[in-house]
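Since the structure comes first, as structure tokens, the remarks are kept for the end.
Quick note: the coordinates plus some simple rules give every number you see, no bench work behind them. Keep in mind that this is a model prediction, so the values were computed, not measured. Using ideal geometry, Cβ is built from the backbone for each residue, glycine included, and neighbour counts are taken over all protein chains shown.
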Amino acid sequence: MNMKFIKKMLAVTLAATMMVAPAIAAGATDQAESSPAPAATVEVVNQPVMTIAGATIKSDVKGSYFIPKTSSIAGAVPRQSAATLKSGLGLASNEQAWVKAFVADAKTSPAAIASLNGAAAASGATLLGALNIDFGKMSASKGFSSLSADASVPMTFGVKNANGRTLEVAKVVPGGATTILPDTDDNPNTVTVAISGGRAAYGVIAH
């Protein structure tokens with residue numbers, strides 16, 4: 001790996017600690033620009049891994065993940081390999097799939113959280129926690145860019161306080177449209193859904 005690419009990757013990682021990807025709810029846009037937590041608590045990793053209920057789940061799909069230990073979401077891990085995504089998405093030889101995942105809350109993403117709470121309430125559920133996610137690709141020469149909405153990857157969210165409840169994911173996309181995504185795994189402490197290319201807010205909800 002050449003030094004130019006290493007410096008670019010470090011710059012992307014540093015930038016991730018200074019922003020929250022905006023999510024758009026009906027008629028409003030969240031524009032939080034500052035870091036949502038003190039620098040000392042920021043955790044950004046290149047390859048996602050989480051331990052939930054004694055089980056470790058990890059992926060080789062790289063990205064910028066900001067999920068503090070205080071979050072009710074234990075982690076978010078893509079469930080396809082980097083090689084599978086590279087082939088399936090038709091990425092170039094110098095490109096790789098990349099996920100940006102940042103905690104969304106009422107302070108940093110008020111419009112997104114309002115939409116997610118509304119979607120949860122409409123289905124008789126409670127919002128446990130949420131992430132702003134931008135699923136895209138990283139190029140050695142051009143940096144990060146979002147993938148189109150027709151791209152997708154299964155993503156597993158770990159939930160610390162599931163307490164035996166039925167889990168789903170509420171999704172809100174730019175423009176405000178919300179969707180409830182059913183869980184596709186049988187682990188009571190996780191919820192797995194397909195995330196789409198580009199930006200969206202994903203909230204874990206419990207019945």
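A few comments on the model shown:
- Within the stretch 179-197, the residues that satisfy the criterion of being within 14 Å of ILE73 (Cβ to Cβ) and hydroxyl-bearing (Ser, Thr, Tyr) are THR190, THR192.
- Residues being part of a loop (DSSP other than H, G, I, E, B) and either closer than 18 Å to PRO78 by Cα or hydrophobic (A, V, I, L, M, F, W, C) (or both) - total across the stretch 161-176: 2
- Restricting attention to the stretch 116-164, the residues being under 20 Å from SER71 (Cα atoms) and within 17 Å of the chain's Cα centre (by Cα) number 15.
- Matching residues, the stretch 126-155, being outside any loop (DSSP other than H, G, I, E, B) and closer than 16 Å to ALA82 by Cβ: PHE135, GLY136, LYS137, MET138, SER139, PHE144, SER152, VAL153, PRO154, MET155
- For PRO182, the test of being touching a Gly at 6+ places or on another chain (Cβ under 8 Å), farther than 22 Å from GLU95 by Cα, surrounded by fewer than 20 Cβ atoms within 10 Å (Cβ to Cβ) and not basic (Lys, Arg) is failed.
- Scanning the stretch 90-110 for residues that are crowded, with 17+ Cβ neighbours inside 10 Å, small (Gly, Ala, Ser) and in contact with a helix residue (DSSP H, G or I) (Cβ under 7 Å, 6 or more places away or on another chain) yields a total of 2.
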